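Take a look at the structure below.
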Amino acid sequence: MAEPLANRAALRDRMAGASVDVLVVGGGITGAGVALDAASRGFSVALVEQGDFASGTSSRSSKMIHGGFRYLQTGDVALVRESLRERYALQRNAAHLVTVMPFMIPLFLKGGVINPKLSRALGGALWSYQLAGAWRLGKRHRRLDHQAVSAHMSGLDMERIGAGYLFHDLRTDDARLTLAVLASAVGQGAAVLNYARCTGVSAFDRDGRTAHIAVGGENIEIRARVIVNATGVWAQNFLDIAGIASDRQLAPAKGTHLVVPRALTGNDIAVSLPTSDRRTISVVNEGPFAYIGSTESTDPDDINQPSITQSDVDYILSGVNRHLKRPIAPSDVTGGWAGFRPLISGGKSARSSDLSRKHSISVEAEGVVTVTGGKLTTYREMAEGTVNAICGILNRRVACRTRDLKLHGFGPGASHLSDGQRLDKRYGTKAAAITQIVTMSPPLGHSVTPLGDTLLAEVVWGLQAEMAASLADALLRRTRIALYDGRAVLANAEQIGLIVGRGVGWSPSQIALETEQLKSTLRHELGVLAHDLPTVVPCQS
Ligand SMILES: Cc1cc2nc3c(=O)[nH]c(=O)nc-3n(C[C@H](O)[C@H](O)[C@H](O)COP(=O)(O)OP(=O)(O)OC[C@H]3O[C@@H](n4cnc5c(N)ncnc54)[C@H](O)[C@@H]3O)c2cc1C
């Protein structure tokens, strides 16, 4: 069966001049979820994304599918319950894309002893988490002694740590989850297109609006009965484009993660550590890497071009180094990413951690619905609410079908590669296709960088079957190697471009063009990390 996202030209042709029930603007997880929900209820659906799919916030998260244990501190039990319900839905419907993530919270000593009140409070909160729905994972939290904490993170300076707690959440690859939801939407009849920017929307007339879409130097029109504004931190920009007045208050909050070789942190599970400004940062194990983050600031920055700054690096390294036996140096950092949370502003607090993680769905004007805020974890529920609102507008009641709808690639994966399990967890039933690429062309079985485990064949698959429009798309969002090991990818861009380009049949001039574009994109994404590049051993060709 043809891959849903393999034929971009056909999807583009279906869109030009189309008339649909629902046009979704924004190809992050929120828009993808709405497209899938609406298409599965039988509505005709088109989705347009101005850049690559998930190129906004949905490839820049902490990648946790979580109930939000820390929201219990703010008493937001309803949000925790909702998130845990959705975590369970992903456990059922996307088992090929999520992994159990054991999470450790160390208990620190004060005057040589653990504060018993604090320990009891944490234990009690974990019971509340369990009862709010975490039990559905079939794993109980437990207390760890000093030795067990040290065994789970050998790099920790244990002098100030007495014991710890262990509980469980899930994690995913955010961009690949978004892609799987989009592929599922296409499987249900939707048309989706990246590099298609909505530049204008007509006033409502008769039975809908006309959206103007810029695609590769051309302009197409799509007529829609309802337009869904799922543009994340760009929600207000979209309303401006559409000429709709709104009193919406979004407060984009920047969050940055850094990646280091896991050998430096020595953690085999995710670990939460306190910072000196009374926040926490997480150190998450991911194959040969550990990612650490995030920062959280409302400093004005360009939401169109998130980039890693020196103050991001200083904040994260000082936050983690105060807990490590051997401090991590800036030159140890292999990669990272920065993004903006689409938080909804509610009050006067200056701390973005106090802003709401809840979502909002509102009918802005005739034929336009905005869905903003929320989390990766709760995308399905946000979509259900949005499409319920659309049902009301179109006066066509159809029950939601996504609660038990399996996502694209669900099923037992098959791969004979030594890292078959990793491929199964990223590609599900499609893992065999990667193996096949390697069988046909053995050099593509090498990893993209010496430290990473991403194969060159995965990059080729992203370009051939997953609508990656460039080498940069395939390295940043179909695989994640340009984030995790970004400095090595940048240092070795020419050779990676050459091998992948040959694999997909590019001409020498296209290889040169793609490589230059990759380098310039990565220089921006990595920000200060791109200043000094390591010398890397080239991948074999
Ligand atoms: C640092 C950080 C950590 C996070 N960690 C977690 C976590 O661990 N777990 C969790 O559940 N959530 C987490 N989140 C939250 C989660 O990532 C976001 O809530 C979610 O990704 C938002 O998705 P979205 O689709 O609404 O926005 P986006 O992904 O930004 O999608 C909006 C899209 O609209 C497109 N667009 C804008 N204007 C137009 C236009 N005119 N035409 C066409 N397209 C347009 C943009 O290009 C963009 O791709 C985190 C967020 C951040 C920043």
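The values are calculated or read from the model by the stated rules, or taken from the named source; none is laboratory data. None of the values given here were measured: they were computed from a predicted structure. Cβ: placed from backbone, ideal geometry, glycine included. Neighbour counts: every protein chain shown. In case anyone asks, the SASA skips ligands and DNA or RNA and just uses the protein heavy atoms, side chains included. Shrake-Rupley method; radii C 1.70, N 1.55, O 1.52, S 1.80 Å.
Residues 10, 18: which one is among the small types (Gly, Ala, Ser), surrounded by fewer than 21 Cβ atoms within 10 Å (Cβ to Cβ) and farther than 21 Å from residue 461 by Cβ?
On the way: 10 fails: farther than 21 Å from residue 461 by Cβ.
After applying the criteria, what remains is 18.
In the stretch 200-224, what residues are among the basic types (Lys, Arg) and either surrounded by fewer than 15 Cβ atoms within 10 Å (Cβ to Cβ) or within 15 Å of the ligand (Cβ to nearest atom) (or both)? If you could, list the steps in order and put the result at the bottom.
Initial filter on the stretch 200-224 (among the basic types (Lys, Arg)): 206, 209, 223.
Answer for the stretch 200-224, where residues must be among the basic types (Lys, Arg) and either surrounded by fewer than 15 Cβ atoms within 10 Å (Cβ to Cβ) or within 15 Å of the ligand (Cβ to nearest atom) (or both): 206, 209.
Which one is nearest to residue 181 (Cα to Cα) among residues in the stretch 44-62 that are open to solvent by less than 10 Å² (accessible area, probe 1.4 Å) and in contact with a strand residue (DSSP E or B) (Cβ under 6 Å, 6 or more places away or on another chain)?
At the first step, the residues of the stretch 44-62 found to be open to solvent by less than 10 Å² (accessible area, probe 1.4 Å) are 45-48, 52-54, 59.
Filter again for in contact with a strand residue (DSSP E or B) (Cβ under 6 Å, 6 or more places away or on another chain), leaving 45-48.
Working: 45: 14, 46: 14, 47: 12, 48: 14 Å.
Filtering first and then ranking leaves 47.
Take the residues of the stretch 245-263 that are surrounded by fewer than 20 Cβ atoms within 10 Å (Cβ to Cβ) and modelled with pLDDT of 95 or more: which is farthest from the ligand (Cβ to nearest atom)? Quick ask: steps written out before the conclusion?
Within the stretch 245-263, the first condition is being surrounded by fewer than 20 Cβ atoms within 10 Å (Cβ to Cβ), and the residues that meet it are 245-249, 251, 261, 263.
Remaining after also requiring modelled with pLDDT of 95 or more: 261, 263.
Details: 261: 21, 263: 24 Å.
Applying the filter and picking the extreme gives 263.
Considering only the stretch 249-319, give the strands (runs of 3 or more DSSP E) lying wholly within it that have at least 3 residues that are touching a helix residue (DSSP H, G or I) at 6+ places or on another chain (Cβ under 8 Å) and more than 21 Å from residue 100 (Cα to Cα).
Working: elements: 250-261, 270-274, 280-286, 289-293.
Output list reads 250-261.
Which one of the conditions (1) under 30 Å from residue 476 (Cα atoms); (2) open to solvent by 10 Å² or more (accessible area, probe 1.4 Å); (3) more than 25 Å from the chain's Cα centre (by Cα) does residue 173 fail to meet, given that it meets all the rest?
(3)
Please work out which residue is farthest from the ligand (Cβ to nearest atom), limiting yourself to the stretch 228-243 and to residues that are buried (at least 17 other Cβ atoms within 10 Å of the Cβ) and outside any helix (DSSP H, G or I).
Result: 228.
Among the residues of the stretch 36-56, is any within 14 Å of the ligand (Cβ to nearest atom), in a helix (DSSP H, G or I) and modelled with pLDDT of 95 or more?
Of all residues in the stretch 36-56, those within 14 Å of the ligand (Cβ to nearest atom) come to 36-37, 46-56.
Narrowing further to those that are in a helix (DSSP H, G or I): 36-37.
Then keep just the ones that are modelled with pLDDT of 95 or more; that gives 36-37.
Yes: one or more hits.
Please state which of the following conditions residue 351 fails to meet, knowing it meets all the rest: (1) at pLDDT 90 or above; (2) surrounded by fewer than 16 Cβ atoms within 10 Å (Cβ to Cβ).
Evaluating residue 351 over (1) at pLDDT 90 or above; (2) surrounded by fewer than 16 Cβ atoms within 10 Å (Cβ to Cβ) leaves (1) as the failure.
Can you tell me which of (1) farther than 30 Å from residue 160 by Cβ; (2) modelled with pLDDT under 95 is the one residue 67 doesn't meet?
Answer for residue 67: the failing condition is (1).
Do we find that residue 69 is within 16 Å of the ligand (Cβ to nearest atom), in the same structural domain as residue 341 (by TED's automatic domain parsing) and not small (Gly, Ala, Ser) in this structure?
Numbers: within 16 Å of the ligand (Cβ to nearest atom): yes; in the same structural domain as residue 341 (by TED's automatic domain parsing): no; not small (Gly, Ala, Ser): yes.
In short, no.
Can you tell me how many residues within the stretch 63-77 are touching a Lys or Arg at 6+ places or on another chain (Cβ under 9 Å) and open to solvent by 30 Å² or more (accessible area, probe 1.4 Å)? Give the derivation first.
Keep residues of the stretch 63-77 that are touching a Lys or Arg at 6+ places or on another chain (Cβ under 9 Å), which gives 63-68, 71, 76.
Adding the requirement that they be open to solvent by 30 Å² or more (accessible area, probe 1.4 Å) leaves 66, 76.
Number satisfying all stated conditions: 2.
Matching residues to (1) open to solvent by 80 Å² or more (accessible area, probe 1.4 Å); (2) at pLDDT 95 or above; (3) not assigned by TED's automatic domain parsing to the domain that holds residue 476:
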{"site": "502", "(1), (2), (3)": "yes, yes, no"}
{"site": "505", "(1), (2), (3)": "no, yes, no"}
{"site": "508", "(1), (2), (3)": "yes, yes, no"}
{"site": "511", "(1), (2), (3)": "no, yes, no"}
{"site": "519", "(1), (2), (3)": "no, yes, no"}
{"site": "523", "(1), (2), (3)": "yes, yes, no"}
{"site": "535", "(1), (2), (3)": "yes, no, yes"}
{"site": "538", "(1), (2), (3)": "no, no, yes"}
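So, restricting to helices (runs of 4 or more DSSP H) that lie completely within the stretch 383-483, which ones have at least 1 residues that are free of Cβ contacts under 8 Å to residues at least 24 places away in the same chain and over 30 Å from residue 260 (Cα atoms)?
On the way: elements: 420-427, 431-440, 456-465.
Once the helices (runs of 4 or more DSSP H) in the stretch 383-483 are filtered for at least 1 residues that are free of Cβ contacts under 8 Å to residues at least 24 places away in the same chain and over 30 Å from residue 260 (Cα atoms), what remains is 431-440.
Do the conditions hold for residue 119, that is, is it farther than 16 Å from residue 169 by Cβ, assigned by TED's automatic domain parsing to the domain that holds residue 381 and more than 14 Å from the ligand (Cβ to nearest atom)? Break it down stepwise before answering.
On the way: farther than 16 Å from residue 169 by Cβ: yes; assigned by TED's automatic domain parsing to the domain that holds residue 381: no; more than 14 Å from the ligand (Cβ to nearest atom): yes.
Taking the combined requirement at face value, the residue does not satisfy it.
Any idea which of (1) modelled with pLDDT of 95 or more; (2) open to solvent by less than 30 Å² (accessible area, probe 1.4 Å); (3) within 14 Å of the ligand (Cβ to nearest atom) is the one residue 197 doesn't satisfy?
Unmet for residue 197, out of (1) modelled with pLDDT of 95 or more; (2) open to solvent by less than 30 Å² (accessible area, probe 1.4 Å); (3) within 14 Å of the ligand (Cβ to nearest atom): (2).
Go over the candidates 23, 90 one by one and state the one that is in a helix (DSSP H, G or I), hydrophobic (A, V, I, L, M, F, W, C) and either open to solvent by less than 40 Å² (accessible area, probe 1.4 Å) or within 11 Å of the ligand (Cβ to nearest atom) (or both). Show your work before the answer.
Working: 23 fails: in a helix (DSSP H, G or I).
Exactly one residue qualifies, and that residue is 90.
What pairs can you find where one residue is in the stretch 55-69 and more than 13 Å from residue 103 (Cα to Cα), the other is more than 6 Å from the ligand (Cβ to nearest atom) and of a type in the set (S, T, N, Q), and their Cβ atoms are less than 7 Å apart, with a gap of 6+ or different chains?
From the stretch 55-69, the pairs are 58/178; 62/282; 63/172.
Starting from residues that are open to solvent by 60 Å² or more (accessible area, probe 1.4 Å) and away from the ligand (no atom under 15 Å from the Cβ), keep the ones in the stretch 268-302 and report whichever is farthest from residue 68 (Cα to Cα).
Residue satisfying both the conditions and the ranking: 300.
Among what's in the stretch 72-87 and is within 14 Å of the ligand (Cβ to nearest atom) and not acidic (Asp, Glu), pick the residue that is farthest from residue 268 (Cα to Cα).
If we take residues in the stretch 72-87 being within 14 Å of the ligand (Cβ to nearest atom) and not acidic (Asp, Glu), then 79 is farthest from residue 268 (Cα to Cα).
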